Amino acid sequence: MSRECVAEEDLFAEVASPAVSEEGLGRFCRRVLLRLILTWTILMLLSYQFYLLNEKQVLSHPVEAFVDYTGLAVHTVTVGVTVELANIKTFTDLKPQLIRAGRLMGVPTDAGVLDARVESDGRVLSWTAIDRKDRHNTIMGTITESGMAQLDMEMTDWGPDAKIEDSNTEILLVGGRFGKVKSSRTQVEGMLDLSQDVSPEKWVQTLRLVDLKVTKVGSAVKMQGVTPDLAQGRKKPVPFTLSLVPDGPNKGRVTLSVENR
């Protein structure tokens with residue numbers, strides 16, 4: 001029997017069999033339905049992520065949300081982290097930790113100034129240098145009189161392109177390589193247009209304030225408080241300081257500092 005005859009008989013058998021036709025149609029409908037459900041789910045997730053980004057609910061550092069809300073023109077972003085060091089007793093033990101921290105932060109080993117000194121509360125070894133991204137870095141190791149050692153790393157970036165969340169993530173990842181993180185901090189400074197209705201008190205009205213102290217000297221305003229809304233986890237209350245100092249007739253210098261413990 002020729003191949004053409006066999007093919008025709010198979011085709012005739014498939015068409016003549018209602019069970020085969022119904023089964024094939026069912027599979028086709030199920031595939032189409034699954035693809036529609038999958039496409040709808042992906043579109044819903046993308047839409048929800050877009051909504052959250054617009055509302056600043058997730059994927060945004062709370063200090064970045066403050067900058068966006070106030071329209072602050074950022075000049076500097078400073079981030080820092082303090083880490084407990086184990087098995088460090090002398091400068092000989094401490095120096096390799098500083099060099100390693102600088103290398104992880106992108107500082108050339110031959111850059112900057114290394115300084116050792118004795119203070120009232122212990123011995124301090126510090127390294128100040130500019131990294132490969134032109135950021136100012138200060139790395140300080142301390143051994144207290146009681147024998148406790150810690151490493152303090154601070155990084156300052158300049159200009160409107162300074163990334164608050166990226167800088168925080170970077171410094172925390174570096175700090176976590178050395179030991180338990182005791183605290184971290186974020187400070188942003190910039191200029192604000194005062195020709196519009198600007199009131200620092202309004203900026204904090206939407207925060208869940210645990211404590212707030214307001215000090216005014218002339219046109220300058222300084223607020224110190226505690227809120228969970230400026231914390232990186234947005235749960236545990238953290239202290240913050242917010243100041244506005246006029247700089248010319250229509251400009252004001254704003255500084256916001258937040259410490260996560």
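The values are calculated or read from the model by the stated rules, or taken from the named source; none is laboratory data. Just so it is clear, the structure is predicted and the values come from calculations on it, not from any experiment. Don't worry about glycine lacking a Cβ; one is built from the backbone with ideal geometry, like all the others, and counts go over all protein chains shown.
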Original post:
Scanning the range 222-245 for residues that are surrounded by fewer than 16 Cβ atoms within 10 Å (Cβ to Cβ) and more than 17 Å from the chain's Cα centre (by Cα), which turns out farthest from V63 (Cα to Cα)?
Top reply: V245
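Quick grid of which residues meet (1) modelled with pLDDT of 90 or more; (2) under 19 Å from the mean Cα position of the chain (by Cα):
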site	(1), (2)
T70	no, yes
T76	yes, yes
K95	yes, no
R103	yes, no
**OP:** Would you point out the residue of the range 147-171, among those that are buried (at least 19 other Cβ atoms within 10 Å of the Cβ) and hydrophobic (A, V, I, L, M, F, W, C), that is modelled with the lowest pLDDT?
**Re:** A162
Subject >> Flag for R123 being of a type in the set (K, R) and crowded, with 16+ Cβ neighbours inside 10 Å >> reply: yes
**OP:** Just give me the residues in the range 228-261 being assigned to a strand (DSSP E or B) and over 23 Å from E154 (Cα atoms), in sequence order.
**Re:** L244, V245, P246, K251, G252
**OP:** Would you kindly identify the strands (runs of 3 or more DSSP E) lying entirely within the range 98-186 that contain at least 2 residues that are polar (S, T, N, Q), touching a residue at least 40 places away in the same chain (Cβ under 8 Å) and at negative phi?
**Re:** 149-158
Original post:
Which ones in the range 171-184 are touching a Lys or Arg at 6+ places or on another chain (Cβ under 9 Å) and within 12 Å of T78 (Cα to Cα)?
Top reply: S184
